[in-house]
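To keep things clear, I will list the structure first and then write my remarks on it.
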């Protein structure tokens, strides 16, 4: 089976990194579901209030960790897809850094202390900046050719 002519063979690593992030996202959503049961926060309530639930902060930290990951997902996907055209190995490596740091961002946030999200989770921002540089390089390369 022939590959896509204009994409490098190594682009497969970009695709696998994107698929890995999907698994992380599924896992985070299951963690929110477990927190809903544990802290008794029923659907469709997005965030608990302290007036109604003494565990509101604990639940909200789990929910917010996942929500923030969902908010960042379109940017991550777009930068991976575009930057990976020209720099597939760099983008796949940065994607792996992003995924691992997002895991730590979520688990740190889920402790109930929002500051814990930044222990190792802060490196997801460096990965995004690297991916942004790769995407810009790809765009400039298209314009120069």
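Looking at 21, 105, 47, 98 in this structure, which one is within 24 Å of residue 118 (Cα to Cα), surrounded by fewer than 18 Cβ atoms within 10 Å (Cβ to Cβ) and in contact (Cβ under 8 Å) with a residue 12 or more places away in the chain?
47
Among the residues in region 39-58, are any touching a helix residue (DSSP H, G or I) at 6+ places or on another chain (Cβ under 7 Å), more than 30 Å from residue 136 (Cβ to Cβ) and in a helix (DSSP H, G or I)?
Within region 39-58 (the criterion being touching a helix residue (DSSP H, G or I) at 6+ places or on another chain (Cβ under 7 Å), more than 30 Å from residue 136 (Cβ to Cβ) and in a helix (DSSP H, G or I)), the answer is yes, since at least one residue qualifies.
For the structure I just gave you, tell me whether residue 93 is crowded, with 18+ Cβ neighbours inside 10 Å, part of a helix (DSSP H, G or I) and without any contact (Cβ under 8 Å) to a residue 40 or more places away in the chain.
Criteria not met by residue 93.
I need a count of the residues in region 119-131 that are assigned to a helix (DSSP H, G or I) and within 14 Å of the chain's Cα centre (by Cα). Even if it seems obvious, please write down each step before you answer.
We begin by selecting, within region 119-131, every residue assigned to a helix (DSSP H, G or I); these are 123-131.
In the following step, the residues that additionally are within 14 Å of the chain's Cα centre (by Cα) were identified as 123-129, 131.
Looking only at that region, the number is 8.
So is residue 77 buried (at least 19 other Cβ atoms within 10 Å of the Cβ) and either under 26 Å from residue 129 (Cβ atoms) or within 14 Å of the chain's Cα centre (by Cα) (or both) or not?
No, not satisfied.
Test each condition in (1) free of Cβ contacts under 8 Å to residues at least 40 places away in the same chain; (2) within 18 Å of the chain's Cα centre (by Cα); (3) within 21 Å of residue 135 (Cβ to Cβ) for residue 9 and report the one that comes out false.
Here residue 9 meets the rest and fails (2).
Out of 59, 6, 30, I need the residue that is under 21 Å from residue 116 (Cα atoms) and either loosely packed, with under 13 Cβ neighbours inside 10 Å or in contact with a strand residue (DSSP E or B) (Cβ under 7 Å, 6 or more places away or on another chain) (or both). Which one?
30
Looking at this structure, is residue 20 modelled with pLDDT of 95 or more and more than 18 Å from residue 108 (Cα to Cα)?
yes
The values are calculated or read from the model by the stated rules, or taken from the named source; none is laboratory data. Keep in mind the model is a prediction, meaning the values are calculated, not measured. Glycine gets a Cβ as well: all are built from the backbone with ideal geometry, and neighbour counts include every protein chain shown.
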